[in-house]
Amino acid sequence: MIFTSLINIFSIETYNPNWFDYVSLFLTVGSIIGTYLIAEKVYNREKGDKRVEDISLQYSENELFKNNLESIKSPILKQIGAINEYIERQDSKMKFYPEIQVDFLQFISLKDIYKKYGFNNKEKIEEINKLMTNLYSLYDFRESLRSEVRTYLEKYNYHEQKFYNYRSLLYTRYFELCNMRNTSFNIENGIKKWTFDGNDHFMGEYSKLVLETYSNNEVMENNALISRRKLIKKFVFPLVEISAKYVPEDYNAIEINEVSNQVVHAFQDMEIITEKHFKVLKSYVKSLESVNGKINEFLE
């Protein structure tokens, strides 16, 4: 009986909660709530730290971006000046500024720059987009400009070598023909003159044109060429017309006509590629001016 009573008492205490069970329950719930509150506090603090870190990163990215933009402004302006000077002088020397480079773009986080000004700031976003478009155009700018100048000079030199055949028309080949076809030779007032057969109309007209060219100060001065354009107009074009009159019966006229046309075409080709070249260079200037303008707008 006593044993049975103890079992019953134990069973009742086991299945009916007392004050100890309630305390344990409260402690458990309190622990859960406390853990949650601590976790929420840590989360909010980390979230706040992350926000501060993001703001700091955005500021750093923006300042780095601005510093890089400032660093390329000066060489851009110098390159514009160098191209304009090259166009004005029309010679073969141009200074290149390797400092014009935008490699820094690959290390810049555009997302942070956009965040800095706000994704809802449509005007600033559009301004940044235009700036980036202009900056990306500078990626191959240096090589492109060098290639343009190098290609032009190669083409120009090729045609210029043909143009220099005018020297043969005015000097070497002309003197050879004079020695071959003259009937007499004399010097008058320090000027060498050949006399040709009365029927040799080609050499007569050719010699007259050469002497006129020597004495034309718009074309020659002290036997030095003054103007290529005037030379073509006053000497080579007329020589084409003179020699053409004696083709095909005069072999030497055929030769002179052919060389004269080569000189004319070479000069025309030089003019054409030069015009195209300077047109391209002006587009480079416009591109650089556009980039510089967008940089100034962003930095204002």
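The values are calculated or read from the model by the stated rules, or taken from the named source; none is laboratory data. Just so you know, these numbers come straight off a predicted model, no measurement behind them. With ideal geometry, Cβ positions are generated from the backbone for all residues, glycine too; neighbour counts draw on all protein chains shown. We work out accessible area using only protein heavy atoms, side chains counted, and drop any ligands, DNA or RNA first. Shrake-Rupley method; radii C 1.70, N 1.55, O 1.52, S 1.80 Å.
Worth a mention:
- Note on surface exposure: 180, 132 rank 180, 132 by accessible area, highest first, 1.4 Å probe.
- For the stretch 117-272, the solvent-accessible area with a 1.4 angstrom probe is 59 square angstrom per residue.
- Placing R0 at 30 angstrom, the Cβ-Cβ distance between residue 212 and residue 161 gives a FRET efficiency of 0.70 after rounding to 0.05.
- The stretch 56-116 - accessible surface per residue (Å², probe 1.4 Å): 56 Å²
- Label zone at residue 175, where the point sits 7 Å out along the Cα-to-Cβ direction: the stretch 251-273 residues whose backbone N lies under 19 Å: 256
- Whole-percent carbon and sulfur share, accessible surface of the stretch 99-208, 1.4 Å: 47 percent
- Extended-chain gain in nm, criterion 0.36 nm per residue less alpha-carbon gap, residue 63 and residue 282: 75.6 nm
- Flagged links, alpha-carbon separation over 21 Å, of 122/282; 73/115; 155/233; 73/294: 122/282; 73/115; 155/233
- Cα centroid separation, the stretch 261-296 to the stretch 96-152: 23 Å.
- Accessible heavy-atom area order of 131, 77, highest first, probe of 1.4 Å: 77, 131
- Gain upon complete extension [residue 121, residue 237; 0.36 nm per residue less C-alpha separation]: 35.2 nm
- At R0 = 51 Å, FRET efficiency that the Cβ-Cβ distance of residue 225 and residue 300 yields, to 0.05: 0.45
- Under the combined filter of DSSP loop state and at most 14 neighbouring Cβ atoms within 10 Å, the stretch 178-247 retains these trypsin sites (Lys or Arg not before Pro): 245.
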